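J.: Sharing a structure, written as structure tokens. Questions coming.
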């Protein structure tokens, strides 16, 4: 991986794993995909090129929060993240254990080689990833359990 392809962020020296459910304000954040579909049947359409987060891009979300329109990726914050247990992402584990697969083949993904979820859970995470929306106001019970772990 060239230096230009390596994720930038606060842990660049210790970890190059990317979080596929990041917040747009995280260092080095970029758009992973665009959320589409209808309530209860949303799906992420993954981008085929890297798109860094800018103020102009965030404004495109219009009156709703950007995390309702876009999925972002950024370097995994590890211990700064409530989902990280010191070794693994508990969110990825819950997604695989609770949510059904929504695709039959691996979706196209620009971060798979460095994705924490893929590195940890393998194909099972990818088969569920398109249904993950960072911000939703009426999640299913399964989605709520996967997100919150309660």
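J.: Using a Förster distance of 25 angstrom, determine the FRET efficiency expected from the C-beta separation of residue 41 and residue 90, and round it to 0.05. Let's see the in-between values first.
T.: Working: r = 26 Å, r/R0 = 1.05.
After rounding to 0.05, the efficiency reads 0.45.
J.: Under a point spin-label approximation (7 Å from Cα along Cα-to-Cβ), what is the residue 150-residue 105 distance to one decimal in nm?
T.: Going by the 7 Å Cα→Cβ label model, 4.1 nm.
J.: Shifting gears a bit: Can you give the extra length, in nm with one decimal, that the chain gains between residue 79 and residue 25 once fully stretched, where that is 0.36 nm per residue apart less the Cα-Cα distance? Don't skip to the answer; put the middle values down first.
T.: Values: separation 54, 0.36 × 54 = 19.44 nm, distance 1.73 nm.
Difference between extended and current length: 17.7 nm.
J.: Just to be sure I understand, if you calculate Cα extents along the principal axes in Å for this structure, which of [x] 39, 36, 29; [y] 76, 46, 16; [z] 62, 51, 22 do you get?
T.: [x]
J.: Still on this model: Starting with the fewest neighbours, write out 56, 85, 77 ranked by other beta-carbon atoms found within 10 Å of each beta-carbon.
T.: Details: 56 7, 85 12, 77 19.
Fewest to most other Cβ atoms nearby, the residues stand as 56, 85, 77.
J.: Starting from the Cα of residue 98, move 7 Å in the Cα-to-Cβ direction to define the label point; list residues of segment 17-34 whose amide nitrogen is under 16 Å from there.
T.: Flagged as within label range: 21.
J.: With a cut-off of 8 Å between alpha carbons and a minimum separation of six or more residues, what is the relative contact order of the chain in percent?
T.: 29
J.: Consider all pairwise Cα distances in segment 86-150 and report the whole-number % of them above 15 Å. List each step's numbers first, then the result.
T.: Values: 1032 of 2080 pairs.
So the portion of pairs separated by more than 15 Å is 50 percent.
J.: With each pseudo-label sitting 7 Å past Cα toward Cβ, what's the residue 68-residue 135 distance in nm, one decimal?
T.: 0.7
Since every read-out is calculated from the coordinates, none of them should be taken as a lab result. Every value quoted in this text rests on a predicted model; they were computed, and no experiment measured them. Virtual Cβ from ideal backbone geometry, glycine too; neighbours counted across all protein chains shown.
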